[in-house]
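Quick notes on the structure that follows.
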Amino acid sequence: MVSGRAARQAPPTSGDVPVSGSETRPRRGHRIAALVKTLADSPGAVFSLARFAGCFGAARSTISEDLAIVKDSLRAFDLGILETQAGPGGGVRYLPTRSGEGIRRAVNTLCEQLTAPERILPGGFLYTSDIIFSPVWASTIGEVFATLFARRTEAVDSVVTVETKGIPIALMTARALGLPLVIIRRDARVTEGPSVSISYLSGSTGHIQAMSLPRRALAQGAQVLMVDDFMRAGGTARAARELMAEFDATVVGTGVLTETSVPARKLVDNYLSLTVLDRVDDGAVAIRPGSAVVDLP
């Protein structure tokens, strides 16, 4: 059932040109293929049955039958869910969520890839850019976060991240939830108008750093979901929350791709991590699924 936050309306698509003439009406298989593509292109957006009926020159009852097939197929192959909206207008939206088992498989595969010894960089750092900037991996991670936070995000207005490496996974999380992405920058940019800036002490480096967000980027009193790629001590996450307070925004959840096991006590609480990095030394990487995955039913 579509509820909570006002559902995002479906964008215009090439299928909006009504089909006329019985000889041009698409077959069921063609309609279903077009339905799946249209819904998958706009996760979280609500499409009315009337709109699809007009596009395909078919009765609403026929479209309902098509959508029932789509819904069952998505569930059977763990490809997401199709939510329906009751009422005279009727509508559906696609959410690319994953089952608990699907999330475990994805995170276990991610951990396997991250343990490759060739990822170790001088200074004990771990190379992850190829995964974070991979469209396939970023999309997978975004769908996992969207699933983990689905019950918390009915009233969320935006996904927020801090530049730079968190952007791909935050963007894919926002796409999966049908939300806009807001990017906190390290410095203010004159091309984005007046901004709110704060300085903070980095928990991992001990250096004073800054972050900034344009006033028009986020509405006052917004509810936001924060997503980032990495957390060591949690200084950046805490500063981002303080910056959100300047907008009277409420942080309803925080998700990170990887956190370090040391220090065990972070500067923030109430966050979810997909993986935990225990160590990078002696030519070996020790990384495991985070509590968000381990605790899944």
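The values are calculated or read from the model by the stated rules, or taken from the named source; none is laboratory data. Given the structure is predicted, the values throughout are model-derived calculations rather than measurements. Quick reminder, even Gly has a Cβ in these numbers, built from the backbone with ideal geometry, and neighbours come from all protein chains shown.
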Item to check | Selection within segment 85-99 - in contact with a Ser or Thr (Cβ under 9 Å, 6 or more places away or on another chain) and either modelled with pLDDT of 95 or more or not charged (D, E, K, R) (or both) | outcome: GLN85, GLY89, GLY90, GLY91, VAL92, TYR94, LEU95, PRO96, THR97, SER99
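When you scan segment 168-213, how many residues do you find that are in a helix (DSSP H, G or I) and in contact (Cβ under 8 Å) with a residue 60 or more places away in the chain?
Just the residues of segment 168-213 that are in a helix (DSSP H, G or I), to begin with: 168-177, 190-192.
Now drop any that are not in contact (Cβ under 8 Å) with a residue 60 or more places away in the chain, which leaves 169, 173, 175-177.
Of the residues in that region, 5 qualify.
Out of all the residues in segment 14-44, which are at pLDDT below 90 and of a type outside the set (Val, Ile, Thr)? Walk me through how you get there before you give the answer.
Applying the first criterion (at pLDDT below 90) to segment 14-44 yields 14-26, 44.
The answer is SER14, GLY15, ASP16, PRO18, SER20, GLY21, SER22, GLU23, ARG25, PRO26, GLY44.
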Next on the checklist: Here are the criteria: (1) within 9 Å of the chain's Cα centre (by Cα); (2) more than 19 Å from ILE103 (Cβ to Cβ). Tell me which single one LEU177 does not satisfy.
Outcome noted: (2)
Next on the checklist: If THR153 meets every condition in (1) at pLDDT 90 or above; (2) in contact with a Leu (Cβ under 8 Å, 6 or more places away or on another chain); (3) of a type in the set (S, T, N, Q) apart from one, which number is that one?
Outcome noted: (1)
Item to check | Some residue of segment 152-162 being surrounded by fewer than 17 Cβ atoms within 10 Å (Cβ to Cβ) and free of Cβ contacts under 8 Å to residues at least 24 places away in the same chain | outcome: no
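Somewhere in segment 236-250, is a residue part of a strand (DSSP E or B) and buried (at least 17 other Cβ atoms within 10 Å of the Cβ)? If you could, list the steps in order and put the result at the bottom.
Kept after step one, since they are part of a strand (DSSP E or B), are these residues of segment 236-250: 250.
Restricting the remaining residues to those that are buried (at least 17 other Cβ atoms within 10 Å of the Cβ) gives none.
No, because not a single residue in segment 236-250 is part of a strand (DSSP E or B) and buried (at least 17 other Cβ atoms within 10 Å of the Cβ).
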Checklist entry - Is it true that GLY255 is more than 18 Å from the chain's Cα centre (by Cα) and surrounded by 20 or more Cβ atoms within 10 Å (Cβ to Cβ)? => result no
Checklist entry - Inside segment 98-133, can you point out the residues that are closer than 22 Å to ARG232 by Cβ and assigned to a helix (DSSP H, G or I)? => result VAL107, LEU110, CYS111, GLN113, LEU114, PRO117, ARG119, SER129, ASP130, ILE131, ILE132
